[in-house]
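Just so you know, all these numbers are worked out from the coordinates, no wet-lab data involved. Only a predicted model underlies this, so the values are computations on that prediction, with no experimental measurement involved. Because the Cβ atoms are built from the backbone with ideal geometry, glycine has one as well, and the counts that use them run over all protein chains shown.
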Amino acid sequence: MSKMVLVRPSVLEGEVKAPPSKSYTHRAYAAALLSDGISRIVDPLKSRDTNATKKACILLGAEVEEREGFIVIRGGEFRTPDNIIDVENSGTTLRLFTAISAHIPKGYVILTGDDSIRRRPMEPLLRALRALGVECWSSKLDGTAPIIVRGGGVEGGEARIIGWISSQFISALIYASTRSREGAKIILEGEPVSKPYIDASIEVLRRFGFKVERDGYNVFEIEGRQHGRPCEFRVPGDFGSAAFLMVGACLTGGKVTVRGLSLNLPQADATIITFLRSLGCHVEIFEDAVRVNGAGKICGGEYDLKNSPDLLPVIACIAAKCSDETIIKGVGHAKFKESDRIAAMTEELTKLGVEVKPLPDGLKIRGKERIDGGCILDPHGDHRIFMALTVLAASTEKGCIVRDPEVAEISYPQFLGHARSLGLNIEVLGN
């Protein structure tokens with residue numbers, strides 16, 4: 001019997017420290033690998049996803065030493081890995097390191113991952129890398145992992161890429177182009193999604209001394225033969241992970257303060273503050289904390305998550321407790337995440353008696369203020385859906401069982417511990 005959790009009706013109240021940002025941990029590790037010398041990454045997230053990126057750095061030549069509260073990375077020297085790069089469930093690792101792998105001096109790099117990863121589209125990135133002089137292809141010749149990349153460096157030049165599937169494609173091209181021989185010009189075709197993630201990538205590179213010129217989100221010009229400089233980078237708290245606890249307060253009528261959050265670095269999921277206020281929650285912002293008071297009626301509305309698609313599961317769960325109509329749009333690319341999040345949320349909310357209609361780019365939801373619960377919910381192997389359904393289950397009349405709690409380790413290993421400390425009544429079932 002696989003593990004499940006029994007979530008009983010609860011009210012989330014109290015204070016907790018946000019986990020470090022997964023996005024910034026990935027990007028800081030990659031920038032340290034590209035930079036000559038010794039960098040220090042302070043307060044990195046330790047999770048399955050970020051561990052996959054750390055291992056990728058080591059396989060590609062970085063020397064990594066873990067210390068209390070920080071990680072030391074000596075980068076700048078690439079080598080041909082002696083094993084495949086297993087990204088596990090991390091799409092960010094797959095995209096970034098498919099591009100960066102081209103910098104090994106000779107030989108080939110093979111990148112693969114779990115079932116979900118081996119379904120994710122990669123062909124747009126592979127085509128763009130070929131335009132920059134990189135030999136790379138899907139081993140199955142269908143544009144999905146396993147991916148094979150030939151070393152020898154990135155020549156450079158001009159590459160065009162679509163922006164509507166994943167901003168990770170753009171970030172990967174920019175990272176790899178910093179050490180190209182000729183420099184590179186990356187041209188985006190169409191309106192990109194998840195723009196704040198592109199901003200985050202460029203900001204991390206800037207902190208490590210790399211130069212990227214840009215014309216909005218249309219054209220990026222990267223000077224070649226850059227080597228960066230060692231940096232001490234402090235990873236900020238993660239708004240995306242903190243959102244589950246904030247939404248828990250909103251759903252259960254509690255009051256939760258999350259410390260360690262700052263608006264000084266771009267984070268797509270910081271828009272949770274705006275969304276929660278629109279949905280009827282009282283939100284206070286302090287210098288390094290956010291407090292959410294869930295007392296009051298949840299309101300419906302229309303929400304465009306094009307730039308923050310990871311918030312789809314939690315916004316859908318709030319909408320499930322609102323009798324007004326809620327429309328979530330701009331997340332057609334959520335079909336290419338750890339699961340098809342549009343289909344998965346439709347299926348699970350329907351089990352709870354919520355009226356849900358999938359849209360080509362989102363969901364239309366008419367919820368109800370009282371949800372009975374008493375059913376078994378399946379996160380579809382998706383860490384964000386598990387955490388969203390768990391806090392929703394706490395707001396039901398009878399509670400619910402939620403499958404596969406171990407998937408939270410992908411991005412927020414402390415989730416259940418933090419939720420318990422805030423009053424979540426939960427029992428782990430199974431082996």
- Item | Whole-angstrom gap from the stretch 363-431 to the stretch 1-28, using each part's C-alpha centre | 10 Å
- Note on the structure: Sequence order, the stretch 213-221: Karplus ³J(HN,Hα) from phi using 6.51 cos²θ - 1.76 cosθ + 1.60, θ = phi - 60°, Hz rounded, Gly and Pro as x, gives 9, 9, 10, x, 10, 9, 9, 10, 10
- Task: Counting other beta carbons within 10 Å of each Cβ, put 274, 252, 98 in order, fewest first.
- Result: 274, 252, 98
- Message: Give the separation of the Cα centroids, the stretch 107-169 to the stretch 170-191, in Å.
- Response: 13 Å
- Item | Assigned charges on the beta-carbon of Lys, Arg, Asp, Glu; the chain dipole about Cα centre (debye) | 140 debye
- Message: Just to be sure I understand the model, the point goes 7 Å from the Cα along the line to the Cβ. What's the resulting residue 259 to residue 288 distance in nm?
- Response: 0.8 nm
- Does the stretch 160-242 come out rounded, prolate or oblate by the C-alpha gyration tensor, with a ≥ b ≥ c the root eigenvalues, rounded set by a/c under 1.5 and, if not, prolate when a/b is larger than b/c and oblate if not? oblate
- Message: Just want the ordering: 68, 302, 155, from fewest to most Cβ atoms lying within 10 Å of their own Cβ.
- Response: 68, 302, 155
- Message: Given a 10 angstrom Cα cut-off, can you work out which residue in 237, 330, 362 is the most mobile in a GNM of the chain?
- Response: 330
- Query: Within the chain, which DSSP H helices have Cα atoms that stretch 18 Å or more along the helix axis and a mean Kyte-Doolittle hydropathy of at least 0.0?
  - Reply: 239-252
- Item | Inter-site label distance for residue 214 and residue 429 at 7 Å from Cα along Cβ, in nm | 4.7 nm
- Message: Can you match Rg/Rh (Cα atoms, Kirkwood Rh) to one of these, (i) 0.97; (ii) 1.25; (iii) 1.11, based on a calculation from the structure here?
- Response: (i)
- Task: With a ≥ b ≥ c taken as the square roots of the eigenvalues of the C-alpha gyration tensor of the stretch 22-123, please select rounded if a/c is under 1.5 and otherwise prolate if a/b is larger than b/c or oblate if it is not?
- Result: oblate
- For the stretch 240-304 and the stretch 42-98, what is the separation of their Cα centres, given in Å? 31 Å
- Give, as a single signed number, the net charge of other residues whose beta carbon lies under 15 Å from the beta carbon of residue 6, with Lys and Arg counted +1 and Asp and Glu -1. +1
- Task: Give a residue-ordered list of calculated ³J(HN,Hα) values for the stretch 404-415 (Karplus: 6.51 cos²θ - 1.76 cosθ + 1.60, θ = phi - 60°; whole Hz; x for Gly, Pro).
- Result: 6, x, 5, 5, 4, 5, 4, 10, 8, x, 8, 4
- Message: Give me 63, 347 sorted ascending by neighbouring Cβ count inside 10 Å, so fewest comes first.
- Response: 63, 347
